[in-house]
Amino acid sequence: MAKKGGSRHEKTLAAPRIRKIKRKETVWTVKSRAGPHSSENSLPLLLLLRDYLKFAKNSREAEHIIKSKEVLVDQRVVTDQKFPLGFMDVISIPKLGEYYRIVLDKLGRIDLQELKREETNFKLCRIETKTSVSKESIQLTLHDGRNILVKDGKYNVGDVLKISL
């Protein structure tokens, strides 16, 4: 019988180009789970801690940091090491007093921008789709998977909303 479903593993050479990783040093890398961002446009939380921020030397140390509930993504505790982080996500490590926002560099690769504590309370989200739910309400679907119900239809697809976290 044929294989059904996708692979749970990912080789480093086949990883999305949006990630800044060294392609010829190791054979395997961490693959993002399904979540708010697509796997082509996301970075797993474990790679962020180990390769970008250098808080851990290996996967086991990074996994220990994540499982101890010390990392917040958009002001929520995340304990999944393969959680996909995408554009405009806010990463907070309160014990160390470090705060970052995920942005893209000139070449379209994931990069980090350091933030102050006051700047972690909001996030910019692009409207992807607009759907009429009832006569009065309209549902806006945002680029990070969130859905918002609004009463007036003054928002258009492609607009950007500033969301409080």
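The values are calculated or read from the model by the stated rules, or taken from the named source; none is laboratory data. From a predicted model like this one, the values you see are computed outputs, not experimental measurements. We place every Cβ from the backbone using ideal geometry, glycine too, and count neighbours over all the protein chains shown. Side chains included, ligands, DNA and RNA excluded: accessible areas come from the protein's heavy atoms. Shrake-Rupley method; radii C 1.70, N 1.55, O 1.52, S 1.80 Å.
Looking only at residues in the range 148-165 that are of a type outside the set (A, V, I, L, M, F, W, C) and surrounded by 10 or more Cβ atoms within 10 Å (Cβ to Cβ), which one is nearest to Leu49 (Cα to Cα)?
Pass one, the range 148-165, residues of a type outside the set (A, V, I, L, M, F, W, C): 151-156, 158-159, 162, 164.
If we keep only those that are surrounded by 10 or more Cβ atoms within 10 Å (Cβ to Cβ) too, we end up with 153, 155, 159.
Numbers: Gly153: 40, Tyr155: 36, Asp159: 32 Å.
Step by step, filter the range 148-165, then rank; the result is Asp159.
Checking each residue in the range 68-122 for being open to solvent by 70 Å² or more (accessible area, probe 1.4 Å) and among the hydroxyl-bearing types (Ser, Thr, Tyr) picks out no residue at all.
Considering only the range 14-35, state which residues are in a loop (DSSP other than H, G, I, E, B) and open to solvent by less than 50 Å² (accessible area, probe 1.4 Å).
Taking the range 14-35 first, the residues in a loop (DSSP other than H, G, I, E, B) are 14-27, 30-35.
Ala15, Pro16, Ile18, Arg19, Ile21, Arg23, Val30, Ser32, Gly35 - these are the residues of the range 14-35 that are in a loop (DSSP other than H, G, I, E, B) and open to solvent by less than 50 Å² (accessible area, probe 1.4 Å).
Condition check: in contact (Cβ under 8 Å) with a residue 60 or more places away in the chain and under 12 Å from the mean Cα position of the chain (by Cα). Does Gly35 satisfy that? The answer is yes for Gly35. When the range 123-147 is limited to residues that are open to solvent by less than 60 Å² (accessible area, probe 1.4 Å) and within 16 Å of Asp74 (Cα to Cα), the one that is nearest to the chain's Cα centre (by Cα) turns out to be Asp144. Taking the range 54-165 and the strands (runs of 3 or more DSSP E) fully enclosed by it, the elements with 2 or more residues that are within 22 Å of Ala34 (Cα to Cα) and of a type outside the set (Lys, Arg) are at 90-93, 98-104, 110-114, 122-132, 138-142, 147-150. Taking the range 117-159 as the range and being touching a residue at least 40 places away in the same chain (Cβ under 8 Å) and among the aromatic types (Phe, Trp, Tyr) as the test, only Phe122 passes. Restricting attention to the range 38-47, the residues being part of a helix (DSSP H, G or I) and either of a type outside the set (S, T, N, Q) or within 9 Å of the chain's Cα centre (by Cα) (or both) number 5.
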